[in-house]
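Below is one structure, written out as structure tokens, with a few remarks after it.
The values are calculated or read from the model by the stated rules, or taken from the named source; none is laboratory data. None of these values were measured; they are calculated from a predicted model. Virtual Cβ from ideal backbone geometry, glycine too; neighbours counted across all protein chains shown. For the accessible areas, the whole protein counts, side chains as well, though only heavy atoms, and no ligand, DNA or RNA atoms are used. Shrake-Rupley method; radii C 1.70, N 1.55, O 1.52, S 1.80 Å.
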Amino acid sequence: MTHVINQGMAMYWGTSRWTSMEIMEAYSVARQFNQIPPICEQAEYHMFQREKVEVQLPELFHKIGIGAMTWSPLACGIISGKYNSGIPSFSRASLKGYQWMKDKILSEEGSRQQVKLKELKAIAEHLGCTLPQLAIAWCLRNEGVNSVLLGASRTDQLMENIRAIQVLPKLSLSIVSEVDNLLGNKPYSKKDLRS
């Protein structure tokens with residue numbers, strides 16, 4: 001990667017779906033051989049997938065400066081609310097090759113998530129935004145998140161998602177606490193448990 005950067009083909013490099021140990025090893029080897037280390041980890045992060053970004057990566061950020069470039073803030077569309085009443089025709093979960101997603105949505109855990117999403121929608125309405133905007137702003141509010149990668153199949157979806165930036169200032173500590181209590185899945189590091 002140092003060669004790629006030195007040739008002007010890239011400005012930086014990062015990892016995707018690596019463990020903390022793998023990232024630390026890459027950093028250490030790069031430093032040992034005077035090479036350019038990774039600067040970020042691309043990790044899945046949304047209201048139902050929190051552990052890596054909220055517990056594992058902050059330690060790397062403080063030790064070696066690794067940032068988080070997160071993806072799937074809407075959990076492959078699950079948090080958009082479109083699966084509230086089952087699997088709509090022509091949705092991603094109805095497509096061949098996405099049986100895993102359909103199974104996830106129709107599972108017991110998927111049903112519990114749908115109940116939580118209905119409650120989150122009420123918070124979003126209170127804030128004057130959509131559920132997807134709340135979910136994206138919630139991801140952006142994390143100080144360890146450098147960017148949130150968005151995926152949209154239509155221009156209007158993209159524009160709605162970009163407006164999440166306007167929701168960010170509305171996410172007070174009390175709102176974030178309300179969301180955390182509703183989700184009931186806030187991960188804690190061993191350090192948090194000791195204090």
State the volume of the convex hull built on the alpha-carbon positions of segment 1-125, expressed per residue in Å³ and rounded to an integer.
156 Å³
Under a straight-distance cross-link criterion of Cα-Cα below 17 Å, which lysines are reachable from Lys190, leaving out those fewer than 8 residues away in the same chain?
Lys52, Lys63
Average accessible surface area per residue within the chain, 1.4 Å rolling probe, Å²:
60 Å²
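Are there GluC sites (Glu not before Pro) in segment 136-195 that DSSP marks as loop and that have at most 13 other Cβ atoms within 10 Å, and which are they? Could you put the intermediate results ahead of the total?
On the way: sites: Glu143, Glu160, Glu178; in loops: Glu143.
Those that pass, being in a loop and sparsely packed, are Glu143.
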Could you let me know the centre-to-centre spacing of segment 108-153 and segment 172-186, using Cα atoms, in angstrom?
12 Å
What is the Cα centroid distance between segment 14-63 and segment 84-107, reported in whole angstrom?
31 Å
Shape of segment 119-172, Cα gyration tensor, a/c cut at 1.5
oblate
What's the local net charge at Lys118, with K and R +1, D and E -1, over the other residues with C-beta under 14 Å away?
+2
May I ask you to give the percent of accessible area on the chain that is carbon plus sulfur, with a probe radius of 1.4 Å?
54 percent
